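*Asks:* First, the structure itself, so that you have it in front of you.
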Amino acid sequence: MIKPEPRLLLALPIILIVLLGAMYAYGLSYNPNQSPSRLIGKKMPSVDLPSLENTEIILHSADFKTPALINVWASWCAPCRSEHQLLKQLAEQGVTIYGVDYQDDLDNARAYLKQQGNPFAAIMFDGAMASAMPFDVQNLPQTYLVDKNGTVRVRHIGALTAEIWTSMQVALRTGL
C-alpha cells in the first residue's frame, strides 16, 4: 500500500481554505442582473394562474396596451418588503403593476397586502412555483418591464429602487 506524502496531507487544509475563500469572494461579487434573460426582446410568456381572490387570471402579451411591470414577490421575502413602498408610489403615479405571489402562503400574502396596501392591478398566486420556468425566476423579488406590445424589455433581480426604476424607464425609451 502506498502511503501519502506527509507534507501533502499538511497542505490539504490550506488548499481547501484557499479554494473556499475564492468561492466566497466570487459569491460576494456575483450580480444576478448581469446574467442574461431569455425573455428580453421576446413576447411575455402566457401565464395561467389563480388570483389571490381565487379567480382565474390569464396574463399574456396581448393584454398589454401600455408599459407595465410584472413583479414576482412573496410576503416572507425581506427585499420584497423593502420595495413595497416604491411599488405603491408607482401605482399611485399610474404605473400598471401585475404581481406574481411566488411560493407563498395564500393567507399570509392576503394579510400582508391588507396591512401594507396593494399596488397591483392584478395578483397571480403561484404557491406551487408554476411561473418559475416562464419567468426565469432566479431570486426574489424579480421585476420585468413589459412594453405596450407585450415585449419584455428589462429584467431586474432584487429590490426595486427609484434609481433602478429610472434606468428601466430609460431603457424602455431608448429601446435597449
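*Asks:* Taking the range 121-144, which residues are in contact with a Pro (Cβ under 8 Å, 6 or more places away or on another chain) and crowded, with 20+ Cβ neighbours inside 10 Å?
*Replies:* Correct list: 124, 125, 135, 140, 141.
*Asks:* Looking at (1) over 15 Å from residue 64 (Cβ atoms); (2) without any contact (Cβ under 8 Å) to a residue 60 or more places away in the chain, which is the only condition residue 95 fails?
*Replies:* (1)
*Asks:* Continuing with the same structure: Between 34, 89, 85, 93, which is at pLDDT 85 or above and surrounded by fewer than 10 Cβ atoms within 10 Å (Cβ to Cβ)?
*Replies:* Only one candidate passes the filter, namely 93.
*Asks:* May I pose another question? Condition check: farther than 20 Å from residue 51 by Cβ and either of a type in the set (A, V, I, L, M) or in contact with a Phe, Trp or Tyr (Cβ under 8 Å, 6 or more places away or on another chain) (or both). Does residue 140 satisfy that?
*Replies:* Judged against the criteria, residue 140 is not a match.
*Asks:* Search the range 20-44 for residues that are closer than 17 Å to residue 158 by Cα and pair each with any residue that is part of a helix (DSSP H, G or I) and modelled with pLDDT of 80 or more when their beta-carbon atoms are under 8 Å apart and the residues are at least 6 apart or on different chains.
*Replies:* Cβ pairs passing all conditions: none.
*Asks:* Something else: Filtering the range 37-70 down to residues that are modelled with pLDDT of 70 or more, among the hydrophobic types (A, V, I, L, M, F, W, C) and in contact with a Gly (Cβ under 7 Å, 6 or more places away or on another chain), which residue is surrounded by the fewest Cβ atoms within 10 Å (Cβ to Cβ)?
*Replies:* Top of the filtered list is 64.
*Asks:* Additional query: Could you list all residues from the range 64-88 that are part of a helix (DSSP H, G or I) and of a type in the set (D, E, K, R)?
*Replies:* Selection gives 81, 83, 88.
*Asks:* Quick one: in the range 101-141, of everything that is of a type in the set (Gly, Ala, Ser) and not in a loop (DSSP other than H, G, I, E, B), which residue is modelled with the lowest pLDDT?
*Replies:* 122
The values are calculated or read from the model by the stated rules, or taken from the named source; none is laboratory data. For clarity, every value in this text was computed on a predicted model and none was experimentally measured. Don't worry about glycine lacking a Cβ; one is built from the backbone with ideal geometry, like all the others, and counts go over all protein chains shown.
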